[in-house]
Amino acid sequence: MICWTDAHNHLQDARLGDLEPVITQMKLAGVGRCVVNATCEEDWQSVENLAASQGDFILPAFGIHPWQAHRATAGWEDRLKSLLVEHPQASIGEIGLDQWISKPSLEIQRAVFIDHLRLARELHRPVTIHCLKAWGALFDCFAEISPPSSFLMHSFGGSIETARRLIPLGAFFSFSGHFLHSRKAAILEVFRKLPQDRILLETDAPDMLPPAEITTHPLTGNYNHPANLPAIGQALATALGMRPEELARLTYENATRCFFPVKKTA
């Protein structure tokens, strides 16, 4: 069976319901591992518990989503550092900047994002970045503090010109099933132009639902089941002129390089 990697989801989200059948269906569909991203401090324990219960199937990521930046409590950085030290395989995510929303303010988001970047560089951890309508602010932050040696631009919806600025910094780019909607054709074209060694796949489950004809595992409430990943991968493989097994192998290797970068020695 082809083994797929989901580079970004939120299995801890209550909208997915009972996780035991969800994870069973993921594995039966061909998902071999996934990165589960926290979005707020309250998520950290749930993500930690999931990773502990699923072994190598789940790679945990701990962080504070830009939509939740205003809810960060005093001392969160120290608590996050302790959690990351306890889990050396964990990355930092989901973090970032979002100007599609008006609150919390970009100023609040930026302060929390910068603190995540500092911690990532200190502990040599990759990060998963959410960036929506905030590319100028993102590059301003990177001018203040460089990103870690590898980072994922999750559900990347930027231009190829933006991607080419990010690639030398260590960026990888994940493709979600939502981009298979016809109105997102321009994003699919960007992924055709990206270096193939920087492409990953994700579901962002329970969000970013693919088109109905791609969805193999429907959920009530129009939520995205993470077992839809293989169908998303097969559709992207067709668009890139690749065999599904080639894309599965490529994205597995790319995810390994992104989330387990070789640490530089002095």
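Take the residues in segment 86-139 that are in a loop (DSSP other than H, G, I, E, B) and hydrophobic (A, V, I, L, M, F, W, C), then tell me which one is surrounded by the fewest Cβ atoms within 10 Å (Cβ to Cβ).
W100
Do any residues in segment 152-170 that are closer than 24 Å to Y252 by Cβ have Cβ atoms under 7 Å from those of residues that are basic (K, R) and surrounded by 14 or more Cβ atoms within 10 Å (Cβ to Cβ), where the two are at least six apart or on different chains, and which pairs are they?
Note: pairs meeting the criteria are I167/R198.
Search segment 54-79 for residues that are more than 14 Å from E42 (Cβ to Cβ) and at pLDDT below 95 and pair each with any residue that is among the charged types (D, E, K, R) and outside any helix (DSSP H, G or I) when their beta-carbon atoms are under 7 Å apart and the residues are at least 6 apart or on different chains.
From residues that are more than 14 Å from E42 (Cβ to Cβ) and at pLDDT below 95, the pairs are D56/R33.
Exactly one condition in (1) surrounded by fewer than 23 Cβ atoms within 10 Å (Cβ to Cβ); (2) touching a residue at least 40 places away in the same chain (Cβ under 8 Å); (3) over 23 Å from W135 (Cβ atoms); (4) not basic (K, R) is false for P211; which is it?
Result: P211 fails condition (2) only.
Could you pull out every one of the helices (runs of 4 or more DSSP H) wholly within segment 153-266 that has 2 or more residues that are on the phi < 0 side of the Ramachandran plot and among the aromatic types (F, W, Y)?
Hits in segment 153-266: 244-259.
Of these, E246, E253, which one is at pLDDT 95 or above, under 22 Å from I167 (Cβ atoms) and under 16 Å from the mean Cα position of the chain (by Cα)?
Just a single option satisfies the conditions, and that option is E253.
Please determine, by comparing only the residues of segment 140-150 that are over 25 Å from K103 (Cα atoms) and under 18 Å from the mean Cα position of the chain (by Cα), which one is surrounded by the fewest Cβ atoms within 10 Å (Cβ to Cβ).
Per the criteria, the residue is S149.
So, in segment 51-85, exactly how many residues are surrounded by fewer than 21 Cβ atoms within 10 Å (Cβ to Cβ), assigned to a helix (DSSP H, G or I) and not small (G, A, S)?
Residues flagged as surrounded by fewer than 21 Cβ atoms within 10 Å (Cβ to Cβ), assigned to a helix (DSSP H, G or I) and not small (G, A, S) within segment 51-85 amount to 14.
Quick one: which residue in A205, A186, A231 is out of contact with any helix residue (DSSP H, G or I) (no Cβ under 9 Å at 6 or more places or on another chain), among the small types (G, A, S) and at pLDDT 95 or above?
Answer to the selection: A186.
Could you pull out the residue among E20, E48 that is in a helix (DSSP H, G or I), exposed (fewer than 13 other Cβ atoms within 10 Å of the Cβ) and acidic (D, E)?
On inspection, the qualifying residue turns out to be E20.
Please find, within segment 157-178, the residue that is nearest to E213 (Cα to Cα) out of those that are among the polar types (S, T, N, Q) and touching a strand residue (DSSP E or B) at 6+ places or on another chain (Cβ under 8 Å).
S176
The values are calculated or read from the model by the stated rules, or taken from the named source; none is laboratory data. Values in this document were obtained by computation on a predicted structure and should not be read as measured data. Virtual Cβ from ideal backbone geometry, glycine too; neighbours counted across all protein chains shown.
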